[in-house]
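Asks: Quick one: this structure, given as structure tokens, is what I'll be asking you about.
The values are calculated or read from the model by the stated rules, or taken from the named source; none is laboratory data. Here the structure is a predicted model, which means the values were calculated and not measured. FYI the Cβ positions are ideal-geometry reconstructions off the backbone, even for glycines, and counts take in every protein chain you see.
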Amino acid sequence: MEENDSQDSRDSQAENARSAQLEELRRARAAELQARSVLKQILEPAAYERLANIRAANAELYSQLAQLFLYLAQNGQLKSRVSEAQLKEFVSRLIAKQRRETKIVRLSK
């Protein structure tokens, strides 16, 4: 009898863990959909399309750009919709910031 109770307890714990994971995934999905909705409002269609292409090619860069645009929009720092040219400028700046300069130093003997 105790063996069945122990098994039921483990099954219940596993079910609770699965439910918690599903709920977390639902929340993350809802947050992502909300962010995309806001991005569609603050980016011109061409810029949004380019950002979607960036998402497919480089998820980390997309995440950084999306967070940046959402932050700027929330703080009222965007005066108009972001154009594709402006998006390209942001991408260039982020990439330049991330690149590390490689310096070769020769040690003389």
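Asks: Look through Q86, Q74 and report the one residue that is in contact (Cβ under 8 Å) with a residue 12 or more places away in the chain and polar (S, T, N, Q).
Replies: Q86
Asks: Does at least one position in region 83-99 carry a residue that is acidic (D, E) and under 18 Å from the mean Cα position of the chain (by Cα)?
Replies: No - not one qualifying residue is present in region 83-99.
Asks: Anything in region 66-109 that is more than 25 Å from R36 (Cβ to Cβ) and not in a loop (DSSP other than H, G, I, E, B)? List them, or say none.
Replies: Correct list: A96 only.
Asks: Turning to a different aspect of this structure: Look at A47 and say whether it is in a helix (DSSP H, G or I), exposed (fewer than 10 other Cβ atoms within 10 Å of the Cβ) and without any contact (Cβ under 8 Å) to a residue 60 or more places away in the chain.
Replies: The answer is no for A47.
Asks: If you check V105 against the conditions, is it free of Cβ contacts under 8 Å to residues at least 40 places away in the same chain and not small (G, A, S)?
Replies: Here the answer is yes, as V105 does meet what is asked.
Asks: Of the residues L25, L33, L39, which single one is within 19 Å of L94 (Cβ to Cβ) and modelled with pLDDT of 90 or more?
Replies: Only one candidate qualifies: L39.
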